[in-house]
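What follows is calculated from the coordinates using simple rules that are stated; it is not laboratory data. Please read these numbers as outputs of a predicted model, since none were measured by experiment. Neighbour counts run over all protein chains shown; Cβ positions are idealised from the backbone, glycine included.
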Amino acid sequence: MKINPKIGIDKLIFGMKQNDVIAIYGKPNRNYKDEDDNVIFSYNSLKIRLTFYKDEELKLGYLVASSQDLELFGNKIINRKITDVKKDLAQKGIVKFTQEEFDTFENYFNEENWIILQTEFEEVVKFEIGAIINAKDEFDWKFKK
């Protein structure tokens, strides 16, 4: 599954509605609301969780994935050493990360592309990507019907 920075993952594009996603991937394995009343879809076979923001007309705004098929700029990222993944990203100009630690996990956040590489024991175990907020402080929705 190809990660498209600032756009989404695979055929998932920020700004899609629930029906757009179901038309491509079918019904999710789980469909529930979080504490903010955002709608969450999860697909077990894809190892991906989708968040549709309540305050944004239930548009797809956030993705969390852990599939070993994830590729960023042609390179696999899951189960690889964070140092190797960061070297690959540096070749594409992505070098600035804010690092947070909790328990055995570390998050490497790149605000420019709104991505998080979550690691445990120095290996990437989860990838998160969110819709970009533009200079007008609004979401930059990429999906056009």
Mean-square fluctuation maximum in Gaussian network of the chain, Cα pairs under 10 Å, restricted to D37, D20, D88, hits D37
Assigned charges on the beta-carbon of Lys, Arg, Asp, Glu; segment 2-130 dipole about Cα centre (debye) = 640 debye
Cα-based convex hull, segment 1-68, per residue volume (Å³, whole number) | 81 Å³
Of K81/K145; K6/K27; K27/K144; K59/K87; K86/K144; K11/K126, those spanning more than 28 Å from alpha-carbon to alpha-carbon = K81/K145; K59/K87; K86/K144
For every helix of n ≥ 4 consecutive DSSP H residues, a contribution of -39,500 (n - 2.57) applies; sum these over the chain, divide by its total residues, and give [θ] at 222 nm rounded to the nearest 500 deg cm²/dmol.
-> -3000 deg cm²/dmol
Using alpha carbon coordinates only, what is the Rg to Rh ratio of segment 33-78, with Rh defined as the Kirkwood radius?
-> 1.08
For the chain, with the dipole built from +1 on Lys and Arg beta-carbon atoms and -1 on Asp and Glu ones, taken about the Cα centre, which of L117, G61, I22 lies farthest toward the positive end?
-> I22
Env charge @ E71, Cβ radius under 13 Å, K,R +1 / D,E -1, value +1
So what is the diffusion coefficient of segment 74-145 in µm² per second by Stokes-Einstein at 20 °C and 1.002 mPa s, using a Kirkwood Rh over Cα pairs?
-> 162 µm²/s
Taking N as its residue count, the alpha carbon Rg of segment 2-130 over 2.2 N^0.38 Å | 1.05
Share, in percent, of DSSP beta bridges within segment 2-130 that are antiparallel, nearest 5 | 95 percent
Give, as a single signed number, the net charge of other residues whose beta carbon lies under 12 Å from the beta carbon of D84, with Lys and Arg counted +1 and Asp and Glu -1.
-> +2
